[in-house]
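Heads up, the thing below is written out as C-alpha cells.
Computed from the coordinates by the stated procedures, all read-outs in this text should not be read as laboratory data. Just so you know, these numbers come straight off a predicted model, no measurement behind them. All Cβ positions, glycine included, derive from the backbone under ideal geometry; neighbour counts span all protein chains shown.
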Amino acid sequence: MTIRTLALFAALSFGAAAANADEDISKQLTKAVGKVLPDVAVTSIEKGPVDGIYEVMLGPTVLYISADGRYIFKGDVFDLKSLDNVTAQRRGAARVEAFADIGVEQMIEFSPDGPAKRTVYVYTDIDCGYCRKMHLEVDELNDAGIAVRYLAYPRSGIGGESYDKAVAVWCSTNRQEALTASKAGKKLKLATCPNPVKEHYQMGEAMGVRGTPAVYSDTGESIGGYVPAKELIRILGAQKG
C-alpha cells in the first residue's frame, strides 16, 4: 500500500468517524430537546454558526442548543465580519420551505393575469380591519405582477368564531369570492369540510405571528403588518409593465 493510498484511507476514515460523531450528537440533542418540548417535532439539528453551539430547526422556528444539551436559547446571531444576520437568513429559508410544504393548493390565491413577478404570503383574519383594508388593494398588487396567497390565522384561536368563519370560506364553492364577501362584512353560512385552517394557524404560531395581517415575501422575509399597496410594490421591486 502506497503512502498516497494510506493518506487517502486515513482521510476517509476520519471523515466517516466525524460524520458518525455528528450523527450521535444530533441524536442526543434531539432527545434533549424532546424532553422539554415533547409536542414539537425537530426538523433538523446541525452545527451552528458558533463553535460548541448547534442549530435546532423546529419547522420555521430557529433555536440554538449547547453541545452538552444543557442550555437552549432563542435569538439572532450576527456575523460581525460580514454584518449578516445569520439567524434571519436561516429563518427565511425555513419559512420558504414551510410555505412550499403546505402548497399553494392549500391557500387562497389572488394572482396576476400573467406570470407573477413576486409573491407574498399573508396570514389573515376575516374580521381584522387592516386585513380588510389590504384586501381592497389586492387588485393593485395583482396589476403590479404580485400574487397574494392567503393563509388563515383566526385571532380567536382554534374553535373560535373567526375560526368558524375561516372554515366557512374554505368550504365555499368559490373561495376567492367567499373571502372577498366575508371581508366586506357578509355573513357566510357556516359549513364544515376537510380544510387547512388549523394547519395554517399552527404554522403561523410557529413563525411567531401575533397579529394580522402578517405579510411574508417569497424569500421568507417578514414584511410585517399592513403596508399600503404602493409601498409594498416598492419594497418588492415590482412595477407595472
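Quick rundown of the values:
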item: Ranked by how many other beta carbons lie within 10 Å on average, peptides 175-187, 27-39, 58-70 from highest; result: 58-70, 175-187, 27-39
item: Relative exposure of CYS193, CYS171, judged by other C-beta atoms within 10 Å (fewest first); result: CYS193, CYS171
item: Which of THR219, THR192 has the fewest Cβ neighbours within 10 Å, and the rest in rising order; result: THR192, THR219
item: Simple spin-label estimate for LEU37 and LYS187 in nanometres, 7 Å along Cα-Cβ; result: 4.2
item: Where Rh is the Kirkwood radius over Cα pairs, Rg/Rh for the stretch 104-236; result: 0.94
item: Size-normalised alpha-carbon gyration radius of the chain, reference 2.2 N^0.38 Å; result: 1.27
item: Efficiency of FRET between LYS198 and GLU140 - r from beta-carbon atoms, R0 30 angstrom, step 0.05; result: 0.45
